[in-house]
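The values are calculated or read from the model by the stated rules, or taken from the named source; none is laboratory data. These numbers come from a predicted model, not from an experiment. So basically every Cβ, Gly included, is an ideal-geometry build from the backbone, and we count neighbours across all protein chains shown. What goes into the accessible areas is simple: the full protein's heavy atoms, side chains included, and nothing from ligands, DNA or RNA. Shrake-Rupley method; radii C 1.70, N 1.55, O 1.52, S 1.80 Å.
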Amino acid sequence: MSEGDNRFRVELRALVPRLRRFGHSLTGSPDDGDDLVQEALEKALSREVQFQVGSRLDSWMYKIMQNAWIDQKRSAARRRQIIQPMSEDVVAVGEDGRDTFDSRINLRQVREAMMHLHPDERSVLALVSIEGQTYREAAETLGIPIGTIMSRLSRARARLLQLLDGDDPVSWKD
Amino acid sequence: MDKLSDEMITAWLDGEVTQQQRSEIEAAIAASPELGVRVARLSRADRLLAPAFAETLNAPIPERFEAVIGRSRRGDGLASFRAALSGLLSPRPMAMAAASLVVGVMLGGAILSGSPTDAGIATDSQGRMIASDTMAASLASVVSGANAGPLAIRLSFVDIGGRYCRQFETTAAAGLACLESESWVIDTLSGTGGTPSLSGAYVMAGGSADIVISAAIERLGIQRVLDSHEEAAAMASGWAASAH
């Protein structure tokens, strides 16, 4: 194995925790997310020659995952589960008045709300808000203009808050 | 700026506005409590999202991924190298994290090219190998993945000991430097080219830089890898904020 190949693997390995996080935030399931990571790792290793040295490996991997996810969704479109309404049991703790706004929201609710966003909005939110990509990086990963990143991001955040605050229970459906 | 769109506020929150816009937005927010409430609301989404998906970051890497990534590395000498390395280092386990491992580098030769007066490496009063001023400036300011200048950064992370560490590469060497009381201590340094030549500790064959560095990263332990936002924030604070 060449030195470059070995370095590539070391860097891929260091990225795995973040790739798993990205997979989870896209698919809403740690297992489905890991399947996506697995697919992307296999693709990356078979296409290593296409990776341009000096560009960001994380962006390249996110892009592979994003594309694999879109492909999966297309092929599974007819079998897609109906997204369930957000569960009620996680709302309304801490009603003694002392709690701040956010303490009534638990992390599971946030993950559920994320899954109620349109996939396009979810991708942008995952890349920028969770993975920490810049607008330019996210635009390259998704192959869309920066202006679209800005508008989707703004919409996605507003939508997420609406869902969490219960202003609007209607979720995205395909 | 009379009317700020949500888009503009979120762009400001993300650090994606020009200096000029930034001053205007900050002045507007300072002048308007109503705007402050909107800012707080808009920043809430991110404050909630990050912890909601943080679970995998500190989880061990599942075997299925190790199998994919490491498959062709097995039998490549890595395991025996690790065994040899731990044999070398085990007599002083507590001192291990502080020990520098220098491999295949001619000390006194230049780590950084382009500066005839500064080789990149200096020694501090305790005899530790630290980055010279020029090199330290690069370590503190080069963005991961940027492909310009004499030094490139491959990875920024916080080690188990809570130090900021950066995996760097120059034309002559590759290594790891970790920040300790304002000095970038060179934890590991490995030559990447030429004949291995050494006046330091251990001699290894050339071409082993990656193995040396990956073993060193495992030895230090990654607490978390910095993403581009975290890296930018650390840089903006002069790497002063606590890495814990």
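So how do B:217-227, A:36-46 stack up, highest first, on mean other-Cβ count within 10 Å? Mind dumping the intermediate values first?
Details: B:217-227: 17.8, A:36-46: 19.7.
Taking the mean over residues of other Cβ atoms within 10 Å, the ranking is A:36-46, B:217-227.
Ranked by accessible surface with a 1.4 Å probe, highest first, in what order do B:M235, A:M61 come?
Details: B:M235 45, A:M61 0 Å².
Putting B:M235, A:M61 in descending order of accessible area: B:M235, A:M61.
For segment A:117-129, take each phi angle, set θ = phi - 60°, evaluate the Karplus expression 6.51 cos²θ - 1.76 cosθ + 1.60, and give the result in whole Hz per residue in order, putting x for glycine and proline.
7, 4, x, 5, 6, 4, 4, 5, 4, 5, 6, 8, 6
Using a 1.4 Å probe, how large is the accessible area of B:S237, given in Å² and rounded to the nearest 10?
Taking all protein chains as shown, B:S237 has close to 50 Å².
Enter the buried accessible area of the A/B pair, total of both sides, probe 1.4 Å, in Å² rounded to the nearest 100. Don't skip to the end; give the middle numbers.
Details: alone 10670 and 14370 Å², together 19770 Å².
That pair of chains buries around 5300 Å² in total.
At a Förster radius of 30 Å, what calculated FRET efficiency corresponds to the Cβ-Cβ distance of B:S32 and B:A232, to the nearest 0.05? Display every interim value, and only then the final one.
Values: r = 27 Å, r/R0 = 0.91.
Using R0 = 30 Å, I get an efficiency of 0.65.
Work out which residues of segment B:1-44 lose at minimum 40 square angstrom of accessible surface when the other protein chains are put back, relative to the chain isolated, with a 1.4 angstrom probe, and list them by number.
Correct list: B:E7, B:T10, B:D14, B:E16, B:R41, B:R44.
Can you compute 3J(HN,Hα) from phi for each residue in segment A:151-165, using the Karplus curve 6.51 cos²θ - 1.76 cosθ + 1.60 with θ = phi - 60°, rounded to whole Hz and x for Gly and Pro?
Once θ is set to phi - 60°, the couplings for segment A:151-165 become 6, 5, 5, 4, 5, 4, 5, 4, 5, 4, 5, 4, 4, 5, 8 Hz.
Tell me, what is the per residue accessible area of segment B:6-53 in Å², probe radius 1.4 Å? Spell out each step's value before the answer.
Working: 2410 Å² over 48 residues.
Each residue of segment B:6-53 exposes 50 Å² on average to a 1.4 Å probe.
Counting only other residues whose beta carbon sits under 10 Å from that of B:T56, what net charge do I get with K and R as +1, D and E as -1?
Working: positive: A:R18, A:R20, A:R21; negative: A:D34, B:E55.
Residues near B:T56 contribute +1 overall.
Starting from the Cα-Cα distance between A:A158 and A:I144, subtract it from 0.36 nm times their residue separation and give me the gain in nm to one decimal. Mind showing how you got there, number by number?
Working: separation 14, 0.36 × 14 = 5.04 nm, distance 2.05 nm.
Going from the current span to full extension adds 3.0 nm.
Compute the distance in nm between two label points, each set 7 Å from the Cα along the Cα-to-Cβ direction, one at B:E7 and one at B:I61.
4.0 nm
Using θ = phi - 60° and the Karplus form 6.51 cos²θ - 1.76 cosθ + 1.60, what ³J(HN,Hα) does each residue of segment B:125-133 get, whole Hz, x for Gly and Pro?
Along segment B:125-133, the couplings run 5, 8, x, 7, 7, 10, 6, 5, 4 Hz.
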